[in-house]
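So the structure is just underneath, and the comments pick up after that.
The values are calculated or read from the model by the stated rules, or taken from the named source; none is laboratory data. As the structure is a computational prediction, the values presented were derived from the model and not from experiment. A quick note on method: Cβ atoms are made from the backbone with ideal geometry, for glycine too, and the neighbour counts reach across all protein chains shown.
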């Protein structure tokens, strides 16, 4: 019995060590990114093949220097605010527009509803990424290039999110909405005060996915914006990474900065993420 | 059950904003790709736009870069599927067991997912730098000679596959984990009483019970892999020698950078149809026994 216990304990220690090594494999690039932003560039290169690669500078006064420089050289605050503005607008727009459409499809028997909904389901298979250049032509034609509208508008409506909202609303019995109607509530009041609060998980899922999608979007804003003052962070960081002189510690600083907001979103909204799995790879941006 | 057949036209008003945006940014662009594909439309010389029949389509099959990009994306899809999904399943099995430090492990495996693809691409460019990169630095400790990584036509796509799997596995791990936690403990207990060892329990309980989750993850990974563009765009610009050129990136380069909208549209149509066919097959597979009511 005693022998068995020690063997078992040995087994536990052994697997824990292996799993820790595996965890470090997933973490090391991110640790390196953060610590490299906290030391002079020369130290990054000097430390590249020893364990010091994963330690910040020995002098605490060095830690913030790359951050000060990057804020000095580039309007980083502006990029952050741009990204926050685009992502928030897309999130709010996406919730309102897709939820309203889901409401229309779920609770109103208007002429052409079946046809329109069939079309919507068909749209689920159209890959938006193959249509970037045609979408650009549209943005150019309607005159929204180099405006925030060009970044925000295409990300607002998504067949998949409409489908999600429609299913969520259809699951709410008509008796509830009819009772409210008898009490004299308008359609929009019913939508806003009854239906949306009853489908908060769907609202949160669509909102979270929209925010992350917009925050991470790169190719589309790169295409429709030419003025660097309007760049969101994702475009700005590639710009910074190719604007001479390029200092590695400053690049790592801006990479770290642009990751912080997403960390917060994931911490607070993690449980809503797995529900939107099916949206990956469809026409929505 | 709903709406009781009374016509209520106000519904149009609610679906209208969404439909208008979809019309503008999805349906019309989709139709445009067809109509442009039969012309020699060049944005620099729009007045010379002419109907050219199937010329663009014929040219795509003679375009070595486009053919190479199709081969590259096939390579990416074939390798990313088992690597990323296998890793995700393995990680889920690891964190599904109660052991000290479990929360730390879960967060570690998921961490790369939190970083945007743009950041991931730039970060790994520095890590994979052949001369002064971190990875060659680490390999040096184990006396492995420096590798060219992104600068080698042979290794570049595999480097992108590795980076993409590293980034994406954590998200799928969470979904596998949810699937694992839905398997009733009683099944395992019964099997244990019957004398099944842990490998047999995995093979005969875990895997079959995970089938719906696995199918969903496999098919969504499959379809989204076709959209690969940011990593090659930032890390390699499609090189070296077009070894990491992907169809989406080539369409973007031809239509946007080189302004050949007609030719790029023909490629949009071809590649779009390829993706649509695979997506429909995917939906057929995942909805077999499902409850999609259109």
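Listed values, structure above:
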{"read-out": "Residues of the stretch B:136-163 satisfying the condition of being assigned to a helix (DSSP H, G or I) and either surrounded by fewer than 21 Cβ atoms within 10 Å (Cβ to Cβ) or in contact with a strand residue (DSSP E or B) (Cβ under 8 Å, 6 or more places away or on another chain) (or both)", "value": "B:137, B:138, B:139, B:140, B:141, B:151, B:158, B:162"}
{"read-out": "Qualifying position, being closer than 28 Å to residue A:228 by Cβ and either within 7 Å of chain B (Cβ to nearest Cβ) or modelled with pLDDT of 90 or more (or both), among A:93, A:104", "value": "A:93"}
{"read-out": "Among the candidates A:188, A:196, A:145, residue that is touching a residue at least 24 places away in the same chain (Cβ under 8 Å), over 30 Å from residue A:237 (Cβ atoms) and either assigned by TED's automatic domain parsing to the domain that holds residue A:96 or in contact with a strand residue (DSSP E or B) (Cβ under 9 Å, 6 or more places away or on another chain) (or both)", "value": "A:196"}
{"read-out": "Positions within the stretch A:1-33 being within 22 Å of residue B:131 (Cβ to Cβ) and without any contact (Cβ under 8 Å) to a residue 12 or more places away in the chain, in sequence order", "value": "A:29"}
{"read-out": "Residue A:73 being closer than 29 Å to residue B:280 by Cα and more than 20 Å from the chain's Cα centre (by Cα)", "value": "no"}
{"read-out": "Those helices (runs of 4 or more DSSP H) lying entirely in the stretch B:1-91 with at least 1 residues closer than 30 Å to residue B:169 by Cβ, within 13 Å of chain A (Cβ to nearest Cβ) and in contact (Cβ under 8 Å) with a residue 40 or more places away in the chain", "value": "B:64-80"}
{"read-out": "Residue in the stretch B:257-268 that is under 21 Å from residue B:77 (Cβ atoms) and in contact with a helix residue (DSSP H, G or I) (Cβ under 8 Å, 6 or more places away or on another chain) present", "value": "yes"}
{"read-out": "Spans of helices (runs of 4 or more DSSP H) in the stretch B:191-294 with at least 3 residues more than 22 Å from residue A:213 (Cα to Cα) and within 10 Å of chain A (Cβ to nearest Cβ)", "value": "B:261-287"}
{"read-out": "Residue count, the stretch A:230-266 (criterion: part of a loop (DSSP other than H, G, I, E, B), surrounded by fewer than 19 Cβ atoms within 10 Å (Cβ to Cβ) and either more than 11 Å from every other protein chain (Cβ to nearest Cβ) or under 15 Å from the mean Cα position of the chain (by Cα) (or both))", "value": "4"}
{"read-out": "Hits in the stretch B:132-164 - residues which are farther than 19 Å from residue B:243 by Cβ and within 10 Å of another protein chain (Cβ to nearest Cβ)", "value": "B:132, B:134, B:136, B:137, B:138, B:139, B:140, B:141"}
{"read-out": "Residue match in the stretch B:96-107 (condition: more than 8 Å from chain A (Cβ to nearest Cβ) and within 20 Å of residue B:212 (Cα to Cα))", "value": "yes"}
